[in-house]
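Coordinate-derived values only; no laboratory data. What you see is a predicted model, and the numbers here were worked out from it, not measured in a lab. Methodologically, a virtual Cβ is constructed for each residue, glycine included, from the backbone with ideal geometry; neighbour enumeration extends over all protein chains shown.
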Amino acid sequence: SQGAHSKDEL
Amino acid sequence: MNIFRLLGDLSHLASILILLQKIQSTRSCRGISFKTQALYATVFITRYLDLFYDWVSLYNFVMKIFFIASSCYVLYLMKYKYRPTHDPSIDTFRVEYLLGPCAVLALLFHYRFTLPELLWSFSIFLESVAILPQLFMLQRTGEAETITTHYLAALGAYRALYIPNWIYRWFTEDMVDPIAVTAGIVQTALYLDFFYVYFTKVLQGQKFELPA
């Protein structure tokens, strides 16, 4: 998914 | 989770432990920019609001709590416990020049127009430039204690390691987060000058000194 929010990253 | 991100996070963790070690062992926060530390506390608080409504993993939870708590603790040490060792007259970067543009960028670039998402974008942009008051201070004084340079190197390595992590995720998960990637590249680029002096001087056993 392009433009996805990498919420698992700090 | 991949090896680059894990090493990046561990490097981030190490940087904070080195900073605390520097303050406790020298009983001084000389050479540390209060403004940069205050910006980092702002970054963590605005980004990790999702602690209250989104569960990712125990690892993620513990790290977020640690980053918020340690950044607030550093502010306490600088503002109260070791206050006399902090010289505001050399910590003169105007943070409003960072906060304003980051707020505008967050309004322009975000994934959803909701308060948590706007704050998340703001925190990403702010993190990319939060080191500037510190680097500005280093530039002004022209030198730094070795332990302070280790702190900065670990902090710079953290974002540098996130770049191979994003490349890896792009190939393995087809995942691209353009806001985080753009800001992350800018953030890493800001360290290039510092890294050059760190590798050519500090790691060769010399003192960190900028040419006059």
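Quick look at the values:
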| item | result |
| --- | --- |
| Failed item, numbered, when B:Glu145 is tested on (1) surrounded by fewer than 19 Cβ atoms within 10 Å (Cβ to Cβ); (2) acidic (Asp, Glu); (3) in contact with a His (Cβ under 7 Å, 6 or more places away or on another chain) | (3) |
| In region B:171-207, the residues that are part of a helix (DSSP H, G or I), of a type in the set (Gly, Ala, Ser) and away from every other protein chain (no Cβ under 14 Å) | B:Ala189 |
| Set B:Arg5, B:Arg94: member being of a type in the set (D, E, K, R) and more than 14 Å from chain A (Cβ to nearest Cβ) | B:Arg94 |
| Test for B:Tyr168: is it aromatic (Phe, Trp, Tyr), surrounded by fewer than 17 Cβ atoms within 10 Å (Cβ to Cβ), touching a Lys or Arg at 6+ places or on another chain (Cβ under 9 Å) and over 19 Å from B:Asp91 (Cα atoms) | yes |
| Any pair with Cβ under 8 angstrom, 6 or more apart, that starts in region B:118-130 at a residue that is within 10 Å of chain A (Cβ to nearest Cβ) and ends at one that is of a type in the set (S, T, N, Q) | B:Trp120/B:Thr46 |
